[in-house]
Every structure is written in structure tokens, then in C-alpha cells.
Amino acid sequence: HVTLEESGGGLVQPGGSLRLSCTASQTSFTIETMGWYRSAPVHQRELVATVSSGGDTNYADSVKGRFTISRDNAKNTVYLQMNDLKPEDTAVYYCNVDFGYARYYWGLGTQVTVSA
């Protein structure tokens, strides 16, 4: 079993920045894809960004140019740098790690609130 530890959420004013981190517990298997998803009230969980083991990234259109995802494979850690935050970015952000073959894990989520 793999556990995920998320950190970095909080309250920020519009235009501000936050950096989310997510570290997976020790595993001898390669994590194929690491990513962030978010869920806001009355909205389904949606993809924010993913990064493959080879470094290929994918972003939701709504965050392109503002958010940057990266990973440190040696630390089993994925980061999400969020700049120019908007009120519509307010959500619970969930980390996801995918080993492939339908084996994946979710974090418990971290709240991001963008408000003046």
C-alpha cells in the first residue's frame, strides 16, 4: 500500500501564488504518472495537471500559463506551482499517483482558497 502526504494549501489573495507538494511513501515500483486534480462545490473532480515518468506534462486549459507541474523521482514527490491564482481556482486539490495496470492512489486533499 502507498500513502500520499500533501502539503502547501491555504488562503491566498487573487493574483497570489501557492506551491503544493505531494510525496508518496517508499515504493520499489516506478510511478508512471503523477498529477493533481481538484474538486469544487457542485463540480466534479477535474484534472489540473499531470506529469509522466519521462517528464511529459498535461494541463487543463484553465490553468495553462499559470500553473507548473514538476516531479522529483528520487523523492517520489510531485509539485504544483500555482501563480496568478483566481477565485475560480478555489477547490480541494488531490494528488494522484498512477503505477499503471489500474494501480493508482489518491491523497486526502488539501484546501486552496483564493479570496480577497
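Please treat every number below as a calculation from the coordinates, not as lab data. Values in this document were obtained by computation on a predicted structure and should not be read as measured data. Neighbour counts run over all protein chains shown; Cβ positions are idealised from the backbone, glycine included.
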- Counting only residues 5 or more apart in sequence or on a different chain, those whose built amide H sits under 5 Å from that of residue 109 are 95
- Query: Which of 16, 54, 35 moves most in a GNM of the chain, Cα contacts under 10 Å?
  - Reply: 54
- The ³J(HN,Hα) series, computed from each phi in segment 53-63 with the Karplus coefficients 6.51, -1.76 and 1.60 at θ = phi - 60°, rounded to the nearest Hz and given as x for glycine or proline, is 4, x, x, 6, 10, 9, 10, 5, 4, 5, 10
- Per-residue ³J(HN,Hα) for segment 80-90, Karplus 6.51 cos²θ - 1.76 cosθ + 1.60, θ = phi - 60°, Hz, x for Gly and Pro: 9, 8, 10, 10, 6, 5, 10, x, 6, 7, 4
- Query: Considering amide H positions built from the backbone, and no H for Pro or chain starts, which residues 5 or more places from residue 10, or on another chain, come under 5 Å of its amide H?
  - Reply: 112, 113
- Note on the structure: Scoring only Lys, Arg, Asp and Glu (+1, +1, -1, -1) among other residues with Cβ under 13 Å from the Cβ of residue 68 yields +3
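Summing Lys, Arg as +1 and Asp, Glu as -1, what charge do residues with Cβ under 12 Å from the Cβ of residue 25 carry, residue 25 excluded?
0
With a sphere of radius 12 Å drawn around the Cβ of residue 92, what net charge do the other residues whose Cβ falls strictly inside it have (Lys, Arg +1; Asp, Glu -1)? Don't skip to the answer; put the middle values down first.
Details: positive: 38, 45; negative: 6, 46, 89.
Computed value for this residue: -1.
With the cut-off at 1.5 for a/c, could you classify segment 4-57 from its C-alpha gyration tensor as rounded, prolate or oblate? Before the final figure, lay out the partial values.
Details: a/c = 1.94, a/b = 1.66, b/c = 1.17.
Judged from the Cα gyration tensor, segment 4-57 comes out prolate (a/c at least 1.5, a/b above b/c).
Please list, by residue number, every one of the chymotrypsin sites (Phe, Trp or Tyr not before Pro) in segment 54-116 that is coil in DSSP and has at most 11 other beta-carbon atoms within 10 Å. Walk me through the numbers before you get to the answer.
Working: sites: 59, 67, 79, 93, 94, 99, 101, 104, 105, 106; in loops: 101.
Of the chymotrypsin sites (Phe, Trp or Tyr not before Pro), the ones in loops of segment 54-116 whose Cβ has at most 11 other Cβ atoms within 10 Å are 101.
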- Once phi is turned into ³J(HN,Hα) by the Karplus curve 6.51 cos²θ - 1.76 cosθ + 1.60 with θ = phi - 60°, what whole-Hz value does each residue of segment 4-18 show in order, with x for glycine and proline? 10, 10, 9, 7, x, x, x, 9, 9, 7, x, x, x, 10, 9
- Roughly how many whole Å is it from the C-alpha centroid of segment 6-68 to that of segment 84-106? 5
